[in-house]
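Okay, structure first, notes after.
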Amino acid sequence: MIPNETPITPELVAEHGLKPDEYQRILDLIGREPTVTELGIFSAMWNEHCSYKSSKIWLKTLPTKGPQVVCGPGENAGIVDIGDGQVCVFKMESHNHPSFIEPYQGAATGVGGILRDVFTMGARPVAAMNALRFGDPEHPRTRHLVRGVVAGIGGYGNSFGVPTVGGEVEFHESYNGNILVNAFAAGIADKDAIFYAKATGVGKPIVYLGSKTGRDGIHGATMASAEFGEDAEEKRPTVQVGDPFSEKLLLEACLELMAADAVIAIQDMGAAGLTCSAVEMGAKGDLGVTLDLEHVPCREDAMSAYEMMLSESQERMLMVLKPEREDVARAIFEKWGLDFAVVGETTDTRRFLIRQHGGVMADLPIKELGDEAPEYDRPFMRTDPPAPLAASDVPQPDDYNDALLKIVGAPNMCSRRWVWEQYDHLVMGNTIQRPGGDAAVIRVDEDKLKGLAFCVDVTPRYCRADPFEGGKQAVAEVWRNLTAVGAEPLAITDNLNFGNPERPDIMGQFVGCIEGIGEACRQLDFPVVSGNVSLYNETNGEAILPTPAIAGVGLLTDIDRAATIQFKTGGETLVLIGGQGTHLGQSTYLRECLDREDGAPPPVDLERERANGDFVRQAIRSGTVTACHDMSDGGLAVTLAEMAMAGGIGAVIDMAISPDLHARLFGEDQGRYVISVAAENSDDMLADAARNGIAAEVIGETGGPALRIGSVISVSVETLRHAHESWFPGYMATPD
Amino acid sequence: MKSAIVLFPGTNRERDMAATLKRVTGKAPEIVWHGETRLPEVDLIVLPGGFSYGDYLRCGAIAANSPIMPDVIARANAGTFVLGVCNGFQMLTETGLLPGALMRNANLQFVCRDVHLKVENTQTPFTSAYEPGQVIRVPVAHGDGNYFADEKTLDALEDSGRVVLRYCDEKGALTQTANPNGSQRNIAGILNEAGNVLGLMPHPEDMTDARLGGTDGLGLFESIAAAA
């Protein structure tokens, strides 16, 4: 236990992650030495994770508005209009550091946190996804981390009862000491029943809801704002423990409470728990908050103010209640067996006042806690643009069959079935397109044709080679994946994972990626409505690849007109949209077949991207497209192989031998799709494309048991499937 | 047909079940809170899937001691149809309405995927709409679906035609690889002695709509509706 009278030494200040000049700022702000509880509160509010002090000035440059946007960044989650008086509430957030230390609980509580962000706003969560990045498969820790993280995500989401419908899993040695676990959740609410964090009214009761407070997770957010050293293991006590059962009860109780017209403002207790949630509600409403800590439900004895204010115990909420509805609210929480305690009230003082046992433990100006947090314009050094790599400087494979099989069976390209079969992707009975396609699709209501599409993407090796193009590409690929199922892309949430921003080269990656993301979002009318920044992803000075994961939401007006990737039948015409492949820099072919990661990533022409995508979406919606797959990692050959494997039907592709055949088959040029159409519709399709100035050409037809491309590839669908499905289960079954 | 779904804290597949029941019977089921002690007059009581009480202690064990359970047992003994799906099947074995137990999946992992089931007995109120030996495709989603009973119990179940559904491959062969959880004798669903209580691990309620991937699960609900 840490008493409030603990003397404040420079060492204690440093242990709280505050720099000497930041501490001076505190002294100037309050005009006296802080108590230890106050120091803890400042440390919680001013760490990188909560204050965005290194990233804020750049985040402000991102486009966040559009006719579809109901609520942009700054609340628990972003909100877009999906018509019929309904909205989709969504966000993605990282839980990287805790998941490296304790993979099961770290990942589980990451899922729990993001679900709470969504239902705090009054939305019932309807879909979850995740973006996972692990170290080299051969690294001794990787298998253990994969097993734990996947089990943790499943353990939490399955029990809570939200379908986990999509995601990505990637391996790269840069994540050996610092894995990435980014969790996404989306919910649906009525537009006129959204709940915000802003408190209104003086003297209103502040109510604590959910699980009890313990000593777990103290300083979790501070840990997440520092690099790892050799002592990462010793940080295990800062990881929280999740209880999806309590979260499920909290969800049902909160939604019932909101429907009962009892809530003025509500905020979940996430990072820095009671501190962040209380300050947020007060500061947003221009009010003060007084908390009496002896009323806080605790699961351990003799917790100090310091511990209570910094605990990150899970499954808790703070709410400003309509006083006249207290009895109704209490009855709802008692029905669900959850704690309900009035712990304070709103005031007109704009002070954050913490009392315990008759004493004042903290008394701070509430607005300044957030508004006066340090903000840094950190020096940055842009990444030198890489030399482009001409296809003629890349050798062709000796055997194209071997090359294709190697790529579809590679750790980063093979089927993720081992992962997503451990996630309940069907619960709620609305999953229209399951994991494994370009984007997952759910229907909004059982009796409506409206659907939502979700996907998450980024290509970190592109971002390292050229942060600007890589940032652009991540947004464009998400937009393309949503388009490929026939959805209208609405908005994105971003999860920006980078190394130490105090290093100019890392800051340069961050700035470049943000600029690229912003550019693509503007050109594609695809605003950012929520997000999260995770910096200091380094261990012993080794930074991860720059990884700005982008998750997107799209709207389908008619789920019966959604496209899927699998070939449906033989004899259909295959049309390539967007031109032949030319670009092998940073390609999967280069990495998997030649063990190289060099050259420039494929540039994204956002005008072409948009034109091609709008054409494809229109074609899907008109009903003429029988299958559609966007082209990304691995290029045309892999796209065709995936469509064949999904449908169990082969294809015959015309392709002449040429010096750039490898670029045609494996080039990762952007803005491209393969679609199938009934043979009798292909002429109309091509004519329509020509009228719209879209590059479209017939490349072959579906059918037969094998994928045949020119004279160089002839491999049965069964052989492809075997290569594609084997690696993951085999790897996980290998003893450590 | 009138039906009721019992809702426990942690239940999460009641929506899927309610949607299917409404589609098949034309009437929305009544939702009964576990803290009640009396069920309404219905033809079918459903114990749905989910993680009642967070699966703490043992899956279904705490739910089996819920205030509503004595009435569920009494109705079952009086002949009302009772359907336990997934967590509901676990509750039925915990209450003793069905024999055996559901253990952790043999590979220790949660599994969510479509499986094939062979309908072994169509002379039941739950399966009369299927053809004998018919192979249907429905999903599973569970971590504890590994059916276990002693040999004598298993033999008795088989001899009396109470093994109603078994995991099989798409051609109907009862193979090891078609068994998603290690269940003895590939058992996916069993009936009580009186024939009015069925427990199964797979989710037929999630395969009753072509938009969601198929309608093979419909037959089970149509059978009950016809029998009620």
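The values are calculated or read from the model by the stated rules, or taken from the named source; none is laboratory data. No experiment lies behind these values; they were computed from the predicted model shown. Here the Cβ positions follow ideal geometry from the backbone for every residue, glycine too, while neighbour counts run over all protein chains shown. Heavy atoms of the whole protein, side chains included, go into the accessibility calculation; ligands, DNA and RNA do not. Shrake-Rupley method; radii C 1.70, N 1.55, O 1.52, S 1.80 Å.
Below are the figures for this structure:
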| quantity | calculated |
| --- | --- |
| Filtered residue count, the stretch A:361-397, keeping only those that are loosely packed, with under 14 Cβ neighbours inside 10 Å and of a type in the set (A, V, I, L, M) | 2 |
| Options A:Ile432, A:Ile442: the member that is open to solvent by 20 Å² or more (accessible area, probe 1.4 Å) and aliphatic (A, V, I, L, M) | A:Ile432 |
| Members of the stretch B:29-57 found to be within 14 Å of chain A (Cβ to nearest Cβ), open to solvent by 20 Å² or more (accessible area, probe 1.4 Å), touching a strand residue (DSSP E or B) at 6+ places or on another chain (Cβ under 9 Å) and not β-branched (Val, Ile, Thr), listed by number | B:Trp33, B:His34, B:Glu36, B:Phe51 |
| Residue within the stretch A:541-556 that is open to solvent by 10 Å² or more (accessible area, probe 1.4 Å) and either of a type in the set (Lys, Arg) or in a helix (DSSP H, G or I) (or both) present | no |
| Residue in the stretch A:696-705 that is aliphatic (A, V, I, L, M) and over 17 Å from A:Thr626 (Cβ atoms) present | no |
| Filter result (in contact (Cβ under 8 Å) with a residue 24 or more places away in the chain and over 20 Å from A:Gly585 (Cβ atoms)) within the stretch A:405-422 | A:Leu405, A:Val408, A:Gly409, A:Pro411, A:Cys414, A:Ser415, A:Arg416, A:Arg417, A:Trp418, A:Val419, A:Trp420, A:Gln422 |
| Test result for A:Glu312, in contact with a helix residue (DSSP H, G or I) (Cβ under 8 Å, 6 or more places away or on another chain) and within 14 Å of chain B (Cβ to nearest Cβ) | no |
| Conditions (1) at pLDDT 95 or above; (2) out of contact with any helix residue (DSSP H, G or I) (no Cβ under 8 Å at 6 or more places or on another chain); (3) more than 8 Å from chain B (Cβ to nearest Cβ); (4) surrounded by fewer than 23 Cβ atoms within 10 Å (Cβ to Cβ); number of the one not met by A:Leu452 | (4) |
| Selected residue [in contact (Cβ under 8 Å) with a residue 60 or more places away in the chain, open to solvent by 10 Å² or more (accessible area, probe 1.4 Å), within 14 Å of another protein chain (Cβ to nearest Cβ) and in contact with a Ser or Thr (Cβ under 9 Å, 6 or more places away or on another chain)] from B:Asp209, B:Asp144 | B:Asp209 |
| All positions within the stretch A:405-425 that are within 14 Å of chain B (Cβ to nearest Cβ) and open to solvent by 10 Å² or more (accessible area, probe 1.4 Å) | A:Ser415, A:Arg416, A:Arg417, A:Trp418, A:Trp420, A:Glu421, A:Gln422 |
| Total residues in the stretch A:291-309, condition more than 16 Å from A:Gln267 (Cα to Cα) and outside any loop (DSSP other than H, G, I, E, B) | 9 |
| Sole exception among (1) over 21 Å from A:Pro244 (Cβ atoms); (2) out of contact with any strand residue (DSSP E or B) (no Cβ under 7 Å at 6 or more places or on another chain); (3) of a type outside the set (A, V, I, L, M, F, W, C); (4) in contact (Cβ under 8 Å) with a residue 60 or more places away in the chain for A:Glu33, by number | (4) |
| Where a residue in the stretch A:721-735 is over 13 Å from A:Asn412 (Cα atoms) and its partner, wherever it lies, is of a type in the set (Lys, Arg), with Cβ under 7 Å and at least six apart | A:Met732/A:Arg143; A:Met732/A:Arg147 |
| Index of the failed condition, A:Ile432 passing every other in (1) more than 11 Å from chain B (Cβ to nearest Cβ); (2) outside any helix (DSSP H, G or I) | (1) |
| Residue that is farthest from A:Glu515 (Cα to Cα) [pool: residues in the stretch A:30-57 that are aromatic (Phe, Trp, Tyr) and open to solvent by less than 40 Å² (accessible area, probe 1.4 Å)] | A:Phe42 |
| From the options A:Glu502, A:Glu469, A:Glu488, residue that is open to solvent by 10 Å² or more (accessible area, probe 1.4 Å) and either among the hydrophobic types (A, V, I, L, M, F, W, C) or closer than 15 Å to A:Lys56 by Cα (or both) | A:Glu502 |
| Within the stretch B:218-228, tally of residues that are within 14 Å of chain A (Cβ to nearest Cβ) and either surrounded by fewer than 24 Cβ atoms within 10 Å (Cβ to Cβ) or at pLDDT below 95 (or both) | 1 |
| The stretch A:315-347: number of residues that are within 14 Å of another protein chain (Cβ to nearest Cβ), under 18 Å from A:Ala260 (Cβ atoms) and assigned to a loop (DSSP other than H, G, I, E, B) | 3 |
| Residue match in the stretch A:141-154 (condition: within 30 Å of A:Asp81 (Cβ to Cβ) and within 14 Å of chain B (Cβ to nearest Cβ)) | yes |
| Hits in the stretch B:109-127 - residues which are over 16 Å from the mean Cα position of the chain (by Cα) and closer than 16 Å to B:Thr215 by Cα | B:Arg113 |
| Of all residues in the stretch A:298-317 being surrounded by fewer than 24 Cβ atoms within 10 Å (Cβ to Cβ) and of a type in the set (D, E, K, R), the one that is farthest from the chain's Cα centre (by Cα) | A:Asp301 |
| Elements of type helices (runs of 4 or more DSSP H) in the stretch A:72-181, at least 3 residues being surrounded by fewer than 21 Cβ atoms within 10 Å (Cβ to Cβ) | A:142-160 |
| Top-ranked residue of the stretch A:392-404 - restricted to ones that are touching a residue at least 24 places away in the same chain (Cβ under 8 Å) and in a helix (DSSP H, G or I), ranked as farthest from the other protein chains (Cβ to nearest Cβ) | A:Ser392 |
| Count of residues meeting criterion [of a type in the set (Val, Ile, Thr) and within 14 Å of chain A (Cβ to nearest Cβ)] in the stretch B:19-28 | 2 |
| Of all residues making up the stretch B:191-206, the number that are out of contact with any strand residue (DSSP E or B) (no Cβ under 6 Å at 6 or more places or on another chain), away from chain A (no Cβ under 14 Å) and surrounded by 15 or more Cβ atoms within 10 Å (Cβ to Cβ) | 2 |
| Sole residue being within 27 Å of A:Gln422 (Cβ to Cβ), within 14 Å of another protein chain (Cβ to nearest Cβ) and not in a strand (DSSP E or B), chosen from B:Pro180, B:Pro139 | B:Pro180 |
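Residues checked against (1) more than 18 Å from B:Pro180 (Cβ to Cβ); (2) open to solvent by less than 10 Å² (accessible area, probe 1.4 Å); (3) within 14 Å of chain A (Cβ to nearest Cβ):
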{"residue": "B:Ile73", "(1), (2), (3)": "yes, no, no"}
{"residue": "B:Thr80", "(1), (2), (3)": "yes, no, no"}
{"residue": "B:Asn87", "(1), (2), (3)": "no, yes, yes"}
{"residue": "B:Met91", "(1), (2), (3)": "yes, yes, no"}
{"residue": "B:Pro99", "(1), (2), (3)": "yes, no, no"}
{"residue": "B:Leu108", "(1), (2), (3)": "no, no, yes"}
{"residue": "B:Val115", "(1), (2), (3)": "no, yes, yes"}
{"residue": "B:Val119", "(1), (2), (3)": "no, yes, no"}
{"residue": "B:Ala129", "(1), (2), (3)": "yes, no, no"}
